[in-house]
Each structure stands twice: as structure tokens, then as C-alpha cells.
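K.L.:
The structure under discussion is supplied below as C-alpha cells; questions concerning it will follow.
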Amino acid sequence: MDIDSVKRIANGIRRRVLEFTIRNGGGYLSQACSSAEIFATLYTELMNIGPSLAPKIPPAFCGVPSKNNKSYFSGYLYNGPKEPHLDRFFLSPVHYALVLYATLVETGRMDAEGLEMFNRDGSTVEMIGADHSPGHELMSGSLGQTLSQVLGIAMARKRKGETGKNWVVMSDGEFMIGQTWEAVETLSFYKIDTVKVIIDANGQSADGKIGTVNQIEPLKQRLESFGAVAVEINGHDIQQLINAANTPHEGKPLFIIARTNPCQEIEVLNKRAPKLHFVRINNEEEKSELQRFLREKFGGVNL
């Protein structure tokens, strides 16, 4: 796929999340702004995954997995089969779930109707994605837990002789958490080079700019000091994402620090900074402003 096509998918992701935010009075919109190119590039250029095995319209929640629940359904099926040579995908900041769902729609793995099920009672299309949600494989829990789970999965796959990569999308805020660093040093110690992490480094947290909450910089040097290979790029540059993913890292995990803008392509959000974690529409004036921007930026959309 050419770069322009990937960029169109990225803006399609933003458009769908913006539409949802307007219709529902709020949403994790800044995360779509910052990570759209990351998700679009992963699903079209980077990950070696098979065709979706899941229904285009997500099924209803049928209960937690157990030996007696024959109807249990895992969201990983949207990313294809688990085969030794195929890659697997893990989303760590699961409040990015809407961005992932929009990606599945834009790449033909889920019908747009699935987005209409978002956050409804009985739906698997949850606001905070779980292991039964489309595109998800793990119950990630609180931020900072997923990398440890992927460490275990990657070690098991390595011992079984599997060659598929294990891709993880993380947020930069997760590097304020001690468990993250324990996972990094353990990946390095066991020379797990099948793990590739892309960090959406948009500088934002639920409490405002990360630098006002805690200090994670210099992130590249810190990751390298823990034994990883780290590359720092412009996260909105698709070619840079592709090049970074091909960085040699034999015997070490790879971390791609993708510096991003939480208002990318939806500049109207700039005046809300630094409170961008969840964009809530509080009045008709704000709603009208976003509707107008949506029409002017993406065209032909009526809400």
C-alpha cells in the first residue's frame, strides 16, 4: 500500500472518532489525533497478520471464558489466526479502544455498524477494551500491565520456536509506572527480540501534560540503559514509522518513541489544551464548532 493510502486510512480513523465524539457528547478524541498514523501503519504496513476470523458485526457479550462457556468469543480473532509465523497485536492503553475499532473499520476487518454498539449494555465493543472486545487479546487492566503480559507470551512463543512478532502500542504515560520498567529490563535480560513496542508519545496524561505530573525523559536514553534498542521519530510520518520498525535489534526488544501531537489534523482542539485526555462537549456552541470543523475538514458529513 502506498503512503498516501495509509494517510487516508489515518484520517479516516480521526474522522470516525470525531463523528462519534460529536454524536455522543464526548470521546477519547485526542488519542485518535495522536495515534492514527501508528494504527494505520501497523495494520497496513508493519504487522504480518492473517485475515479476520471474526464476524463483521461484533457479537454480544456471552460471559467470561470458562470450561463451561462454549460461546466465549475473543477479540483477537479480528487480527486473524494465532499461527507460529504470524504476528500478534496488543493494545496497552485500552482507553484507545475506539481508535482501534475505527482502525478495524477502515481496514475492512469490522463493519461500521460495530461502532454503533460502542459502550452499549451487553456489547463487546467496550469503551475500555477487554479481551472480548474487537481487536483486543488481553484484559489489560490498569495502565502499565500489558507489557508484562506480552513478555510472558513472547517468552512462551520463543520457547516453542515461533517466529511471529509481538507488537504492542503503549502510551508515554505508562512510563511513569514501575511495572513497565520491570518488564523492559526482563525483556532485555532474556533477549526477547520478538517484541516491538510503538509508544504514542503525545505528552498527555489524565492530569495534564506529563512533564507537570512526573518526569519520564530522556525516554530514549532511559530505555537504552535498561538494555532495549530505542528509536525516536515523528509519529505522524508513515515512512519514519516503517523505517523505525526495521531497525536492527537482535537480542533486544525494540521501542519506537513516536512523538505525536494530540491535536493533529483536528486543530480546533488546541484551545482545550492541556486538558485533552477525554474531550467532553459541554454545550451546543462547542458541538456546532466541531460539526462545522468536521464538514470543512472531511466534507460531506451531516450529524
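K.L.:
Given K7/K220; K165/K271; K196/K271; K7/K271; K165/K209, which pairs have Cα atoms separated by over 28 Å?
P.N.:
Values: K7/K220 26 Å; K165/K271 40 Å; K196/K271 34 Å; K7/K271 25 Å; K165/K209 32 Å.
In this structure, K165/K271; K196/K271; K165/K209 exceed 28 Å between Cα atoms.
K.L.:
For V125, which sequence-distant residues (separation of 5 or more, or a different chain) have an amide H within less than 5 Å of its own amide H, given hydrogens modelled in the peptide plane?
P.N.:
N119
K.L.:
Using θ = phi - 60° and the Karplus curve 6.51 cos²θ - 1.76 cosθ + 1.60, what whole-Hz ³J(HN,Hα) does each residue of the range 87-92 get, with Gly and Pro shown as x?
P.N.:
With the stated coefficients, the range 87-92 comes to 7, 10, 10, 9, 9, 7 Hz.
K.L.:
Using +1 at the C-beta of Lys and Arg and -1 at the C-beta of Asp and Glu, which of V94, N119, V105 has the Cα lying farthest in the positive direction of the dipole of the range 87-135?
P.N.:
The one lying farthest along the dipole's positive direction is V94.
K.L.:
Additional query: Using alpha carbons only, how many angstrom separate the centre of the range 47-112 from the centre of the range 256-303?
P.N.:
Cα centres, the range 47-112 to the range 256-303: 28 Å.
K.L.:
Taking the number of other C-beta atoms within 10 Å as the exposure measure, put R15, R222 in order starting with the fewest. Working shown, then result.
P.N.:
Numbers: R15 21, R222 15.
With the fewest neighbours first, R15, R222 line up as R222, R15.
K.L.:
For a footprinting-style exposure proxy, rank M110, M47, M139 by other Cβ within 10 Å, fewest first.
P.N.:
By the 10 Å Cβ count, ascending: M139, M47, M110.
K.L.:
Contact order normalised by length for the chain, with contacts defined as Cα pairs under 8 Å and 6 or more residues apart; what percent is it?
P.N.:
Result for the chain is 22 percent.
K.L.:
Of all DSSP beta bridges in the chain, what percent run antiparallel (nearest 5)?
P.N.:
Working: 5 of 27 bridges.
That works out to approximately 20 percent antiparallel.
K.L.:
Moving on to the next point. Ranked by Cβ crowding within 10 angstrom, fewest neighbours first, how are W181, W167 ordered?
P.N.:
Values: W181 17, W167 23.
Ascending number of Cβ neighbours within 10 Å: W181, W167.
K.L.:
I would also like to ask the following. What residues qualify as long-range amide H neighbours of A230, i.e. H under 5 Å apart, gap of 5 or more or another chain, H built at 1.01 Å from N?
P.N.:
F255
K.L.:
Top mean-square fluctuation among R14, R23, R272, Gaussian network model of the chain, C-alpha springs under 10 Å?
P.N.:
Maximum among the listed residues: R272.
K.L.:
Stick to the Cα atoms of the range 1-58, pair each with every other, and give me the Kirkwood hydrodynamic radius in Å at one decimal.
P.N.:
Numbers: mean 1/r = 0.0792 Å⁻¹.
Averaging 1/r across every pair of different Cα atoms and inverting gives 12.6 Å.
Just so you know, all these numbers are worked out from the coordinates, no wet-lab data involved. Keep in mind that this is a model prediction, so the values were computed, not measured. Glycine also receives a Cβ, built like all others from the backbone with ideal geometry; neighbour counts cover every protein chain displayed.
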